[in-house]
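Novice: Have a look at the structure that comes next, please.
Please treat every number below as a calculation from the coordinates, not as lab data. Treat the numbers as computed from the prediction; the structure is a model and nothing was measured. Positions of Cβ are generated from backbone atoms using ideal geometry, with glycine treated the same way; all protein chains shown enter the neighbour counts.
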Amino acid sequence: MRLLTGNDLKTGAVTWWTGSDWSIHVEDAVDVTGSEDEIARSEEAARRVNVPYAVDAELHEGSPRPSHIKERVRAIGPTVRPDLTLKPADPEIGNWVI
Amino acid sequence: MYEYDQYDQAMVDARVEEFRDQARRRLEGKLTEDQFKPLRLMNGLYLQLHAYMLRVAVPYGTLDSRQMHALADIADKYDRGYGHFTTRQNIQYNWIKLEDAADILADLAKVEMHAIQTSGNCIRNISSDHFAGAAADELVDPRPYAELLRQWSSFHPEFSYLPRKFKIAVIASETDRAAMRLHDIGINIVTNEAGELGAAFYVGGGMGRTPMIAPCINPFVPLDRLVTYAEACLRVYNRYGRRDNKYKARIKILVHELGAEEYTRQVEEEFVHLLDQGVEPPLAELERIKGYFEDPAFDTGANARIDRSDPDFAVWVDRNTVEHKEPGYVSAVISLKPVGGIPGDATAEQMRLMADLAKDYSFDELRVMHTQNIVLPHVRKADLHALWAALDEAGLGSPNLDTVEDIIACPGLDYCSLANARSIPIAQRIAERFAANGKTGTLGELKLKISGCINACGHHHAGHIGILGVDRKGVENYQLLLGGSEAEDVSLAKITGPGFDENGIVDAVETVTTVYENERQDGERFVDTYRRIGMNPFKEALYG
Amino acid sequence: MAETLRYRDDEPVDHPAVTVDSFLDQSNASAVRIEPGDDARALVPHLERLALIEVNFPAFGDGRGYSSARILREAGYEGELRAVGDVLVDQLAYMRRCGFDAFEPDKQFDRDDVTAALERWPGVYQQAADDRTPIWSKRHA
Ligand code: HEM
Ligand code: SF4
């Protein structure tokens, strides 16, 4: 599957396209195969996202997991500061990222 | 320390308002990201893996405690309570919002700081010797020259859209503590036979994917020609540096492709032309700036003996303090490399403590080292124990300057969008390994530097041991390099062979240090042994 | 095409600029266009007969035209020096300092943005091709 991601223009936060909006949680992302360019163009023009691009992903326990490690680090946060990630209380999150 | 006058302050204030206006136009859609990007970069604002990142300039690494307090306040107010000190003596914040950026710049301007030209294809923050004004071996304090060049390079109308970034370092001693020859321009303040001061220009050094050591193109530029000469160097680069390929756009490639001689010839020609153009500030301006860098009121009668009866303290004194030009003083290094910690990171609380200690013990001055540590440049020996006790209590007392634990690491894949692999966890595992096996002390001076990709922000080419993160089919992999140095014995490290995974690279570092321990002769550092015996014994031990 | 912004009082040249090569080969043209890779110094012997030099910026990030402009002014050129192409309003102040006195951007500037850009800087740190006095000179006046 393909996910559409980018950063929020104002805050810089990593965001994922949910089919109707942008979410900071990769779990909310939907497959955009085929329509990525079109959504990227219109969302960027509306300044709801900055520099959007599509990435490959697979389903993992029912949720999308980006194929490349860089996108997984982006999705969660720095591996060296678990306290600053989106899942500070999840002891297994390191295994999801790496 | 340099202080802004009304002119400097007005320029920095104008820049804040300019950026506020640019950010507004971006948010309103009047500027595209392509148009805005170079503008925000010239104000130090990147878009990184998790958010915007702001790089704040610390010109020639010098700060006072008021400024360090302001950096701490920014970390708390706009970021997540910490900052990252970098190899170019700056500080980076990792979680900045575009909406806040102009306010942060305004807060910085209140304490005579800025983020001007900390990124982008322009002349960057000018770095210098972190022991400037304190070192026993310096000819003069190099910082006034760096400040003169800082002003000249700020908002330079001709050189703000160069082929690529441009980094300048200024030193004034034989010992090179600023990686001078790995800069686009390295300047060493020297004397000629008549005893006059002048500047030796080294041009075309750099790291990145094609590391090069800068050749000396002019051994003596008189001080009243310094700016004119720099202008000539830049003009030749701006006109003829490559713009067809961003990986070949640094000045090192131009100097290499033309040859140092031909580049020098062109510079000299431009220089002669520019001598008539009135670009050089009068020497009185240099003298004015020098006035700000006069020695503080040292207590010349201060006791030059240190009470070493406390053994932990004595270890810290041996490792983390450096000889000062005044016998009653030392420069004390605050390690930002606690074992298992993130190299170069400091919390707002730690910044405040360092600021307060600088006020109490170091004439209100701090320095950022390119090795990502902090220096209190002028500490009375009699005050050292009290200083150490306060640092130790705050987790800032690691006695590991220039040891295998004192690792330079770039942000790597934990923060950086260009990264191939993580750098920080490798640094953490290596420091933990050597702290556990107790060899940190016995290995002596060992400079280990890690970059998460070929851009070499972590100076891996210049490490006695260097580590480079690469992407092997989507998996992090690490190449090992040996034999680099960025000091006066400058050399470029060589790759040992096939790379390693995360555990493998930690073992590999241990393996090469064991070869060193077995082979070393009296007084040899790791890099000396490597230079004497060559790569083969290390290769055999690694891949044998 | 956006209108040309001019900071001169004389009549604009009304014929099109020729390339540097054809200017040097032929001609009695009084208007020439410099591309980023052209050597501005090639024009220096002929400045007398030039009334307009256009400096093209195919991409705003290519800064060679800034050097071309200053070199021409340093050589005494007093005719119109016009920046054309991908010229952005945030570059105006620096371009004025390098000696440009006319602008023909691909995309029209907003008037308020132009005013803001040109009135922005209270001082300058360098001697350049304009008549502004560097801060270092004011300090030691
Ligand atoms: C996290 C965001 C960063 C990005 C996107 C970034 C980007 C880059 C790039 C693209 C280069 C190569 C330039 C070239 O060769 O043309 C480079 C070089 C460099 N960067 Fe960074 N960097 C970052 C952080 C840092 C940090 C944290 C430091 C200091 C610890 C640093 C210090 C340097 C140095 C010293 C070089 C080598 C200069 C040279 O090639 O001569 N950078 N950086
Ligand atoms: S070396 Fe690469 S990974 Fe590390 S900070 Fe620089 S660009 Fe990022």
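Novice: Taking C-beta distances below 4.7 angstrom as the pairing criterion, name the unpartnered cysteines of chain B, in sequence order.
Specialist: B:CYS122, B:CYS216, B:CYS233, B:CYS416, B:CYS453
Novice: Let me ask you something else. How compact is region B:134-291 by the rule of thumb for globular proteins, expressed as Cα Rg over 2.2 N^0.38 Å?
Specialist: 1.00
Novice: What's the center-to-center distance, using Cα atoms, between region B:1-60 and region B:117-165 in Å?
Specialist: Answer, in whole Å: 18.
Novice: If you don't mind, there's one more thing I want to ask. Suppose R0 equals 25 Å; then what is the FRET efficiency for B:ASN437 and B:VAL315 from their Cβ-Cβ distance, rounded to the nearest 0.05?
Specialist: 0.90
Novice: Please report, to two decimal places, log10 I(q)/I(0) for region C:1-56 at q = 0.12, 0.13 Å⁻¹ as given by the Debye formula with identical point scatterers on the Cα atoms and no solvent.
Specialist: One equal scatterer on each Cα of region C:1-56 leads to -0.28, -0.33.
Novice: For chain B, calculate the relative contact order in percent as a whole number, restricting contacts to Cα pairs under 8 Å that are 6 or more residues apart.
Specialist: With pairs under 8 Å counted, the relative contact order is 12 percent.
Novice: Could you work out, for chain C, what percent of all Cα-Cα pairs fall into each 10 Å distance bin, beginning at 0 Å and stopping at the bin that holds the largest distance?
Specialist: Answer for chain C: a P(r) of 11, 42, 34, 11, 2 percent.
Novice: Related question: With each label point set 7 Å from Cα along the Cα-Cβ vector, what nm distance links B:ASP276 and C:ALA59?
Specialist: Each label point is offset 7 Å from its Cα along the Cβ direction, giving 3.6 nm.
Novice: Moving on. Computed over the Cα atoms of region A:2-93, what is the convex hull's projected area averaged over all directions, in nm²?
Specialist: 5.9
Novice: Are any of the pairs B:LYS359/B:LYS381; B:LYS37/B:LYS110; B:LYS30/B:LYS97; B:LYS165/B:LYS248; B:LYS337/B:LYS381 more than 21 Å apart by Cα-Cα distance, and if so, which?
Specialist: Too far apart for the 21 Å limit: B:LYS37/B:LYS110; B:LYS337/B:LYS381.
Novice: So if each residue of separation counts as 0.36 nm, and I subtract the Cα-Cα distance between B:GLU510 and B:ASN192, what length gain in nm does that give?
Specialist: Additional length available on full extension: 109.9 nm.
Novice: Calculated FRET efficiency, B:ASP34 and A:ASP31, Cβ-Cβ r, R0 30 Å, to nearest 0.05?
Specialist: E(calc), rounded to 0.05, equals 0.55.
Novice: Taking θ as phi - 60°, what are the ³J(HN,Hα) couplings along region B:302-315 by the Karplus curve (6.51, -1.76, 1.60), each to the nearest whole Hz, with x for Gly and Pro?
Specialist: 4, 4, 8, 9, 10, 6, 9, 5, 8, x, 5, 4, 4, 4
Novice: Taking Cα centroids, how far is region B:318-362 from region B:205-251 in Å?
Specialist: What the calculation gives is 34 Å, centre to centre.
Novice: I need the Kirkwood Rh of chain B: take the reciprocal of the average 1/r across all distinct C-alpha pairs and report it in angstrom.
Specialist: Across chain B, the inverse of the average 1/r is 23.8 Å.
Novice: Within a 10 angstrom radius of the beta carbon, how do A:GLU43, C:GLU3 rank from fewest other beta carbons to most?
Specialist: C:GLU3, A:GLU43
Novice: When B:THR87, A:THR85 are ordered from fewest to most other Cβ atoms inside 10 Å of their Cβ, what list results?
Specialist: With the fewest neighbours first, B:THR87, A:THR85 line up as A:THR85, B:THR87.
Novice: Still on this structure, I have one more. What list do you get for B:MET354, B:MET369 if you sort them by fewest beta carbons within 10 Å?
Specialist: Final ranking by Cβ density, sparse to dense: B:MET369, B:MET354.
Novice: Is it possible to state the helix-based mean residue ellipticity at 222 nm for the protein assembly as shown, with each DSSP H run of 4+ residues giving -39500 (n - 2.57), the sum divided by total residues, to the nearest 500 deg cm²/dmol? What is it?
Specialist: Counting only the DSSP helices, I get -10000 deg cm²/dmol.
Novice: Find the relative contact order for region B:43-159 and round it to a whole percent, using C-alpha pairs within less than 8 Å whose residues are 6+ positions apart.
Specialist: The value is 31 percent.
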